[in-house]
Amino acid sequence: SRERKFLLELKKSKIRFVDIGERDLTSRAQSTSSTVDSEQGDDLTALRNVIYALSLQQSKNISESLIPYNQSKLTTLLKGSLGGSHKCVFITCVTQSSLDQTETMAYLKLSRRAKLITNKMVPRVQTLSRSKTS
C-alpha cells in the first residue's frame, strides 16, 4: 500500500456586530433598570476613549499599554478589531432629525476618529498534514 500526504490549509476568522445606536435609544427611552443604562453609557464612553487613544497613537507613537481596552466588556471584546490584527468595518448610521443633532454630530466625530486607526491584518492560517493509505 502506498501512503500519500495531503496538506490542508484552514483559515479562521471572526465577525462581530455591535449596534451602539440601539444602546443609546434604549437609555433614552428611560428603561426601568438604571444599572443597565449605566453599563451602556460606560461602554460607549470606553469605546470613545479607546478610539481617541488609538487615533492619537497613530500620530504620536503612544505605547499600546496606554490604550484603555479594559475599561469595559465591549472594548475588551473588540480589542482585535480596534487597532489589532482583525479587519474592521465601522458603519455609522445617522438621522436628519433636528432632535438628534447633538448625537448625530457626536457619532460623526467618533467615526472620523475611527477612520484614522489602521489595523495590521494578520491572517490566521493553520496547516494540517494528513496521510491517506491507498
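The values are calculated or read from the model by the stated rules, or taken from the named source; none is laboratory data. Owing to the predicted nature of the structure, the values given are computational and were not obtained by experimental measurement. For neighbour counting, all protein chains shown are included, and Cβ atoms are generated from backbone atoms with ideal geometry for every residue, glycine included. For accessibility, only protein heavy atoms count, side chains too; no ligands or nucleic acids. Shrake-Rupley method; radii C 1.70, N 1.55, O 1.52, S 1.80 Å.
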Residues satisfying the stated conditions in segment 79-102, i.e. modelled with pLDDT under 85 and of a type in the set (K, R): K87
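Restricted to segment 95-127, and to residues that are free of Cβ contacts under 8 Å to residues at least 60 places away in the same chain and part of a loop (DSSP other than H, G, I, E, B), which residue is nearest to the chain's Cα centre (by Cα)? Spell out the reasoning first.
Filtering segment 95-127 down to residues free of Cβ contacts under 8 Å to residues at least 60 places away in the same chain leaves 95-102, 104-106, 108-109, 111-112, 115, 119-122.
Next, from what is left, pick out any that are part of a loop (DSSP other than H, G, I, E, B): 95-97, 119-122.
Details: T95: 22, Q96: 26, S97: 27, N119: 11, K120: 14, M121: 13, V122: 16 Å.
Restricting to residues being free of Cβ contacts under 8 Å to residues at least 60 places away in the same chain and part of a loop (DSSP other than H, G, I, E, B), the top hit is N119.
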It is to be established whether one or more residues within segment 35-53 are surrounded by 11 or more Cβ atoms within 10 Å (Cβ to Cβ), farther than 30 Å from L7 by Cβ, hydroxyl-bearing (S, T, Y) and at pLDDT below 85. yes
Which pairs have Cβ atoms under 7 Å, sit 6 or more apart or on different chains, and link a residue in segment 70-87 that is touching a residue at least 40 places away in the same chain (Cβ under 8 Å) to one that is open to solvent by 20 Å² or more (accessible area, probe 1.4 Å) and not in a loop (DSSP other than H, G, I, E, B)? L74/D43
Scan segment 76-93 residue by residue and report those that are among the hydrophobic types (A, V, I, L, M, F, W, C) and surrounded by 15 or more Cβ atoms within 10 Å (Cβ to Cβ). L78, L82, C88
